[in-house]
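*Asks:* Encoded as structure tokens, here's the structure I'll be asking about.
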């Protein structure tokens, strides 16, 4: 990243969600020079999707002086395999089976294209433009509808034997009979406690077990969201604070275990839940310090992503374009 | 490793234990050409230890035609830091503080010297000469007095930000009030259940809770070792088999979680406990299959080290000498 003066100065990032596909043309500092959005769904097939994308991208590419100024493209997509450049059996997309998405874009644009999943893209983005600049060992934890992770060891994302390494949201943190059912079919995954929906589940549980007064009692329990909990916490609601404490404790305990794996310089948290700030981060830090093995004590920083939330996914994907 | 014809054809490995230091001169196929042993304790200081070692090594070095045929040296030692070449505050050694062991040997021999801990050395040995030849992603689990690990991602040992990554024996697998006290000061570490001493603890617990007859009841519970459990299992003792099943279950569950980290091609088990063979490996495999996330199912092999136990530590250390 030091000197791009002799290199093509831009990359394209694509954040492919179940609904929208957001494209950005990005420079080496992480500034999005041009952006465009198309729907992800509603095409005859993936070829039609790619053709629509290429057409939509033309004006953005012209903004930076044409495709000859673009070094490569990175795609963050569900079930994306870095090794093969394919999207494999993604439940949230219309295309079934193995979709050679990197090859299709690469042939259409004439530039190298790499793909990976959202959490690995977030880690790349953080390392290239964000809180992990200059770090060679860190773990990215994304707290959204689910919990994802991107693990960087010695400056490189860990993809594992099959391209699917780094699913720390599915480490089992509770093996008791009361462990929560996870969408993956198993019970007690970290994700069931510390995703946005996990926070809502914790809210319902604490509301049922506690006699504390709370603004959250004015909401139908089934409708409570992690945002409601945040709003209540901001108003000093003790029960809401307890919900974040419980969530942070689970995350801190889990991260203490993750430290025993790769001894990272930092954990970087990203996603909607991190808006809770210290309501969440303080309990994470407390549980981490109380649970981490002595040899790792006071080593890893626990940080919140510094990338602008709405741009982070596109920036993360684009970071792959520099490889 | 393919062609060493133009390279120096031998390396030195040193397995430094609390009692003995075993040196081997090793070729690229993992054959130990010459070996020598000195005591690790009883020297005035580390310089005297190194001087004694160098003198003891001379005949072994002559066997392969002198130091000019030796490419490098690797040392496996407790609390050894790969990045700094030092042994840091090792509880089992007489030298306190930070000992620059790599520098001392390198200056005395005139060859490059690298150090790492025993479990990482075992992983290097397995990758260079053993069951992990040709693998780029695997996790070594050493089952001895403690439980150690060496994690290889993309062909490289994971050392982390500080050189101390890979302490999977201290991942917490039980957070219940009954979790076992660990020597690290915390409770519920994997090591307290699946080390040789962990097996003995499980034996005492099952003997106390069960009414099954067992040969193990003839031994004073405090004297039972994992070897006693193995001998009983060989004789068809049901309670002994139950002890290995419980041990294997804990290991299989833990490895299923580790898969979510680095999606390895294989887990390789090493150490005295693996002599239990299928008594231990079958329950590991069963628990792994039952607990691993669907995306990793039927991917990782669960293997036992193929290195000769008494030579493995020296071979593992020597593998660092090729770097």
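The values are calculated or read from the model by the stated rules, or taken from the named source; none is laboratory data. None of the values given here were measured: they were computed from a predicted structure. Note: ideal-geometry Cβ built from the backbone for every residue, glycine included; neighbour counts use all protein chains shown.
*Asks:* Within the stretch B:150-175, how many residues are more than 21 Å from residue B:260 (Cβ to Cβ) and more than 7 Å from every other protein chain (Cβ to nearest Cβ)?
*Replies:* Adding up the residues that qualify gives 1.
*Asks:* Something else now. Based on what the data block shows, is residue A:213 over 26 Å from the mean Cα position of the chain (by Cα), surrounded by fewer than 19 Cβ atoms within 10 Å (Cβ to Cβ) and closer than 27 Å to residue A:291 by Cα? Explain how you work it out, then say what you get.
*Replies:* Numbers: over 26 Å from the mean Cα position of the chain (by Cα): yes; surrounded by fewer than 19 Cβ atoms within 10 Å (Cβ to Cβ): yes; closer than 27 Å to residue A:291 by Cα: no.
Answer is no for this residue.
*Asks:* Of these, B:87, B:70, B:141, B:101, which one is assigned by TED's automatic domain parsing to the domain that holds residue B:155 and either in contact (Cβ under 8 Å) with a residue 12 or more places away in the chain or under 23 Å from residue B:31 (Cβ atoms) (or both)? Outline the logic, then answer.
*Replies:* Numbers: B:87 fails: assigned by TED's automatic domain parsing to the domain that holds residue B:155; B:70 fails: assigned by TED's automatic domain parsing to the domain that holds residue B:155; B:101 fails: assigned by TED's automatic domain parsing to the domain that holds residue B:155.
Sole residue among the options that is assigned by TED's automatic domain parsing to the domain that holds residue B:155 and either in contact (Cβ under 8 Å) with a residue 12 or more places away in the chain or under 23 Å from residue B:31 (Cβ atoms) (or both): B:141.
*Asks:* Identify the residue in the stretch A:120-149 that is within 14 Å of chain B (Cβ to nearest Cβ) and part of a loop (DSSP other than H, G, I, E, B) and, among all such residues, is surrounded by the most Cβ atoms within 10 Å (Cβ to Cβ).
*Replies:* Looking at the filtered set, the residue picked out is A:132.
*Asks:* Would a scan of the stretch A:265-286 turn up a residue that is at the interface with another protein chain (Cβ under 9 Å from one of its Cβ atoms) and either farther than 30 Å from residue B:88 by Cα or more than 20 Å from the chain's Cα centre (by Cα) (or both)? Please lay out each step first, then the result.
*Replies:* Just the residues of the stretch A:265-286 that are at the interface with another protein chain (Cβ under 9 Å from one of its Cβ atoms), to begin with: A:265-266.
Narrowing the set further to residues that are either farther than 30 Å from residue B:88 by Cα or more than 20 Å from the chain's Cα centre (by Cα) (or both) leaves none.
No, the stretch A:265-286 contains no residue that is at the interface with another protein chain (Cβ under 9 Å from one of its Cβ atoms) and either farther than 30 Å from residue B:88 by Cα or more than 20 Å from the chain's Cα centre (by Cα) (or both).
*Asks:* I need the full set of residues from the stretch A:188-213 which are outside any loop (DSSP other than H, G, I, E, B) and either within 14 Å of chain B (Cβ to nearest Cβ) or at positive phi (or both), in order please. Talk me through it step by step, then tell me what you get.
*Replies:* Start the filter on the stretch A:188-213 by keeping residues that are outside any loop (DSSP other than H, G, I, E, B), which leaves A:189, A:191-194, A:196-209.
Matches in the stretch A:188-213: A:189, A:191, A:192, A:193.
*Asks:* If I filter the stretch A:176-187 for residues that are surrounded by 23 or more Cβ atoms within 10 Å (Cβ to Cβ) and either within 14 Å of chain B (Cβ to nearest Cβ) or touching a strand residue (DSSP E or B) at 6+ places or on another chain (Cβ under 9 Å) (or both), do I get at least one hit?
*Replies:* no
*Asks:* Follow-up. Examine the stretch A:151-161 for a residue that is in a strand (DSSP E or B), in contact (Cβ under 8 Å) with a residue 24 or more places away in the chain and more than 24 Å from residue A:264 (Cα to Cα), and state whether such a residue exists. Don't jump to the end; show me each part of the working.
*Replies:* Start the filter on the stretch A:151-161 by keeping residues that are in a strand (DSSP E or B), which leaves A:151-153, A:156-157.
Filter once more, so that each one left must be in contact (Cβ under 8 Å) with a residue 24 or more places away in the chain: A:151-153, A:157.
If we keep only those that are more than 24 Å from residue A:264 (Cα to Cα) too, we end up with none.
The answer is no, given that none of the residues of the stretch A:151-161 is in a strand (DSSP E or B), in contact (Cβ under 8 Å) with a residue 24 or more places away in the chain and more than 24 Å from residue A:264 (Cα to Cα).
*Asks:* May I ask you to verify whether residue B:195 is surrounded by 23 or more Cβ atoms within 10 Å (Cβ to Cβ) and farther than 21 Å from residue A:171 by Cβ? Full working, then the answer.
*Replies:* On the way: surrounded by 23 or more Cβ atoms within 10 Å (Cβ to Cβ): yes; farther than 21 Å from residue A:171 by Cβ: yes.
For residue B:195, the condition - surrounded by 23 or more Cβ atoms within 10 Å (Cβ to Cβ) and farther than 21 Å from residue A:171 by Cβ - is met.
*Asks:* Can you tell me which residue within the stretch A:88-119, out of those that are in a helix (DSSP H, G or I) and at pLDDT below 95, is surrounded by the fewest Cβ atoms within 10 Å (Cβ to Cβ)?
*Replies:* Ranking the candidates gives A:118 first.
*Asks:* Mind checking which residues of the stretch B:193-211 are in contact with a helix residue (DSSP H, G or I) (Cβ under 9 Å, 6 or more places away or on another chain) and either farther than 23 Å from residue B:284 by Cα or without any contact (Cβ under 8 Å) to a residue 24 or more places away in the chain (or both)? Talk me through it step by step, then tell me what you get.
*Replies:* So in the stretch B:193-211, the residues in contact with a helix residue (DSSP H, G or I) (Cβ under 9 Å, 6 or more places away or on another chain) come out as B:193-208, B:210.
Residues satisfying the conditions are B:201, B:204, B:205, B:208.
*Asks:* Taking the stretch A:4-26 as the region of interest, how many residues are surrounded by 13 or more Cβ atoms within 10 Å (Cβ to Cβ) and over 21 Å from the mean Cα position of the chain (by Cα)?
*Replies:* Number of matching residues: 4.
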